[in-house]
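Below is one structure; the comments refer to it alone.
The values are calculated or read from the model by the stated rules, or taken from the named source; none is laboratory data. This one's a predicted model, so the numbers in the text were calculated from it and none came from an experiment. Glycine also receives a Cβ, built like all others from the backbone with ideal geometry; neighbour counts cover every protein chain displayed.
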């Protein structure tokens with residue numbers, strides 16, 4: 001295992017000015033494209049800086065190494081996913097319909113942001129820090145969903161809604177992620193099966 005993958009990396013400093021944030025976004029956008037086209041291992045910080053039209057010194061002002069760029073990309077993906085999930089309509093009366101909407105949103109997010117899958121599928125299990133980031137993101141989504149489920153399951157204790165939210169986030173995330181690696185026809189079928197599984201699971205609690 002590359003020693004780089006064993007370390008915990010973070011940005012050297014967070015951008016405070018609009019111009020600095022734009023530079024960071026440019027670096028991340030270029031890194032994302034290069035990680036997809038050339039692979040994470042083959043991509044160098046020099047290549048990222050050159051393509052982003054920034055000096056290597058400017059890149060290092062924010063990112064100490066390539067792993068820090070990857071970590072920032074993962075965090076950016078997770079923030080975007082949470083934003084679209086929060087915007088999903090939770091006003092529908094039927095919890096099953098709401099669950100189907102959530103699954104569609106997650107699926108569409110991964111399809112629209114193909115770099116997420118293309119980059120991170122090859123690094124699963126190699127970079128523990130990425131797993132930590134995903135677990136933190138899942139914990140936030142579980143908390144968000146538990147609050148929303150209070151509308152549908154006011155008869156359940158908070159601990160029960162937390163458990164349901166945990167199952168939903170982990171089940172939907174893992175099944176949709178797995179479906180992405182399949183052929184298009186099978187992928188669509190697996191998304192339908194995920195909906196069937198989740199809807200029946202949720203309605204079993206509504207019947208209590």
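The table below gives the values:
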{"read-out": "Qualifying position, being part of a helix (DSSP H, G or I) and either touching a residue at least 24 places away in the same chain (Cβ under 8 Å) or in contact with a helix residue (DSSP H, G or I) (Cβ under 7 Å, 6 or more places away or on another chain) (or both), among 188, 162, 192", "value": "162"}
{"read-out": "Yes/no for residue 171 being out of contact with any strand residue (DSSP E or B) (no Cβ under 6 Å at 6 or more places or on another chain) and either more than 22 Å from residue 88 (Cα to Cα) or outside any helix (DSSP H, G or I) (or both)", "value": "no"}
{"read-out": "Filtered residues of region 194-208 (kept if loosely packed, with under 13 Cβ neighbours inside 10 Å and either modelled with pLDDT of 95 or more or within 23 Å of the chain's Cα centre (by Cα) (or both))", "value": "196, 200"}
{"read-out": "Test: residue 52 is touching a residue at least 60 places away in the same chain (Cβ under 8 Å) and surrounded by 17 or more Cβ atoms within 10 Å (Cβ to Cβ)", "value": "no"}
{"read-out": "Boolean, residue 143 is under 27 Å from residue 203 (Cβ atoms), over 12 Å from the mean Cα position of the chain (by Cα) and either surrounded by fewer than 19 Cβ atoms within 10 Å (Cβ to Cβ) or in contact (Cβ under 8 Å) with a residue 60 or more places away in the chain (or both)", "value": "yes"}
{"read-out": "Subset of region 168-193 [surrounded by fewer than 19 Cβ atoms within 10 Å (Cβ to Cβ) and more than 21 Å from residue 124 (Cβ to Cβ)]", "value": "184, 185, 188, 189, 192, 193"}
